[in-house]
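What follows is calculated from the coordinates using simple rules that are stated; it is not laboratory data. Remember, predicted model here, so these are calculated numbers, not experimental data. Cβ: placed from backbone, ideal geometry, glycine included. Neighbour counts: every protein chain shown.
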Amino acid sequence: MAESDKKTKKSKEERAKAFCSNAFAHNAFFLFDKATEIVKDYGSSTQMKQILDQMLHSILFLGNIHFSRYLPEYIFADVEMFHQTSEDFPGPFSHYQTHMALRTPFSYFLELVTICYGNDENIVKNTLSEILHDCRKSGDQYPLISTVICICESGASRYYGASLSCLSDQEREIMTAVSCVHVWHLNVSSAVMSVFPDDTGEPRSIKLPDTVKCRAYAVADIGQLKPPCKRCNQLYSLPGHTDHENPPGNCAETEAISNFFKAEKHGNSRQTLFRHNHQEEMQRMSNCFDKNMKKGMNYNINRVYPTQ
Ligand SMILES: [Zn+2]
């Protein structure tokens, strides 16, 4: 990058930071800015542009449903940057108030990092932990930044996943319901839905092949292995678990294992989920979604971005 570009960029960031003393808006801006920088260095492609587009939509969507409601003008506080971003990515700006995000911004960010930096676990882990240096905390959490990532390893292949990084129970339940219906592999969705949102039924457990190993790390302490929670043992039969039970679907293991199944098994069987006897479960997800979505918001669990 030319020196003059660096200077321009720094001054832009500084201007934006001056406007956004708020942790959510600051991290939202920073995460997206970092993602565009990574793509610029790697070389832009249609695939990269699509991931950035969906990531930005997810940021604007989560800002909109946040209890403090952070609108795009607040996240992109610099007027010039706001106009440039809305020109470069018109879709997220016209759909964030009507269409659901499928995944969290951090999940898209992790995907970008693994595409651009490849399979090298240390590079991926270090890139993720380094971004914390420039992010802000709200209480004991970094808004929009996942606390844990997981690597699901099968032979020479590694599949990455991040925890849901939601600030409130409402937001987490909304994203879990949408993920069950639209995103996660059937096996994973089915396991999660057996105990979500009501933990009253008999859990449907997945047994991974013996050759597949999962390792999780806290982003803030990336060198230390984090054992699976009791819930992950219950749903994914992961050994060496703690006594702590996280909410179903929240853990990084969920996305990593889903990505493993999508890549190595029979593709993504979303159609099967809808064809067979899961109508009742779909209705439960829809009810959970409606219950948690704020009044007056114009979203539907089946109206998602990107639009079909
Ligand atoms: Zn867990």
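For residue 212, the amide hydrogen comes within under 5 Å of no other amide hydrogen, counting only partners 5 or more places away or on other chains and with H modelled in the peptide plane.
Convex hull volume of the Cα atoms of region 219-262, normalised per residue: 89 Å³. GNM, the chain, Cα, under 10 Å: largest mean-square fluctuation among 155, 249, 296? Of 155, 249, 296, the most mobile in the Gaussian network model is 296.
Give the dimensionless ratio obtained when the Cα radius of gyration of region 168-247 is divided by 2.2 N^0.38 Å. Mind showing how you got there, number by number?
Details: Rg = 13.4 Å, N = 80, 2.2 N^0.38 = 11.6 Å.
This ratio for region 168-247 stands at 1.15.
Could you work out [θ]222 nm for the chain from helices alone, using -39500 (n - 2.57) per DSSP H run of at least four and dividing by all its residues? Round to the nearest 500 deg cm²/dmol.
Mean residue ellipticity, 222 nm, calculated: -16000 deg cm²/dmol.
Each residue of region 71-76 is assigned a 3J(HN,Hα), and the resulting list reads 7, x, 5, 7, 5, 9 Hz, derived from the Karplus form 6.51 cos²θ - 1.76 cosθ + 1.60 (θ = phi - 60°), x at Gly and Pro. Projecting the Cα atoms of 195, 223, 302 onto the charge dipole of region 148-307 (Cβ charges, centred on the Cα centre) puts 302 farthest toward the positive pole. The phi-based Karplus calculation (6.51 cos²θ - 1.76 cosθ + 1.60; θ = phi - 60°) puts the 3J(HN,Hα) values of region 242-249 at 8, 8, 6, 10, 7, x, x, x Hz, whole numbers, x for Gly and Pro.
When DSSP beta bridges are limited to those with both residues in the chain, what percentage is antiparallel, rounded to the nearest 5?
Numbers: 16 of 18 bridges.
That works out to approximately 90 percent antiparallel.
Here r is the Cβ-Cβ distance between residue 263 and residue 291 and R0 is 30 Å; the resulting FRET efficiency, rounded to 0.05, is 0.35. Residues in region 45-56 carry Karplus couplings, in order, of 8, 4, 4, 4, 4, 5, 5, 4, 4, 6, 5, 5 Hz; the curve used is 6.51 cos²θ - 1.76 cosθ + 1.60 with θ = phi - 60°, and Gly or Pro positions show x.
The magnitude of the dipole of the chain, with charges of +1 and -1 set on the Cβ of Lys/Arg and Asp/Glu and taken from the Cα centre, is near 280 debye.
What's the FRET efficiency of residue 40 with residue 157 using the Cβ-Cβ distance as r and R₀ = 25 Å, to the nearest 0.05?
0.35
Which is farthest toward the positive dipole end of the chain among 232, 122, 214, measuring Cα position about the Cα centre, with Cβ charges +1 (Lys, Arg) and -1 (Asp, Glu)? Comparing the listed Cα positions along the dipole, 232 ranks first.
Database remark: amide H of residue 194 closer than 5 angstrom to the amide H of 204 (H placed geometrically; neighbours at sequence offset of 5 or more, or on other chains; Pro and chain starts carry no H). Every Cα-Cα pair in region 98-211 was counted, and those over 17 Å apart are 63% of them.
Taken along the Cα-to-beta-carbon direction at a fixed 7 Å, the label points for residue 137 and residue 69 span 3.1 nm.
At 0.36 nm per residue, minus the direct Cα-Cα distance, what do residue 87 and residue 298 gain on full extension? Give it in nm, one decimal, please.
Between residue 87 and residue 298, full extension yields an extra 73.6 nm.
The orientation-averaged projected area of the convex hull spanned by the Cα atoms of region 146-302 comes to 9.7 nm². Sites counted here are trypsin sites (Lys or Arg not before Pro) in a DSSP loop (not H, G, I, E or B) having no more than 15 other Cβ atoms within 10 Å; the longest part of the chain that contains none of them is 1-68. Taking amide hydrogens as placed 1.01 Å from N in the peptide plane, the amide H of residue 304 sits under 5 Å from those of 100, each at least 5 positions away in sequence or on another chain.
Restricting the calculation to Cα atoms, the chain shows an Rg/Rh of 0.95 when the hydrodynamic-style radius is the Kirkwood one.
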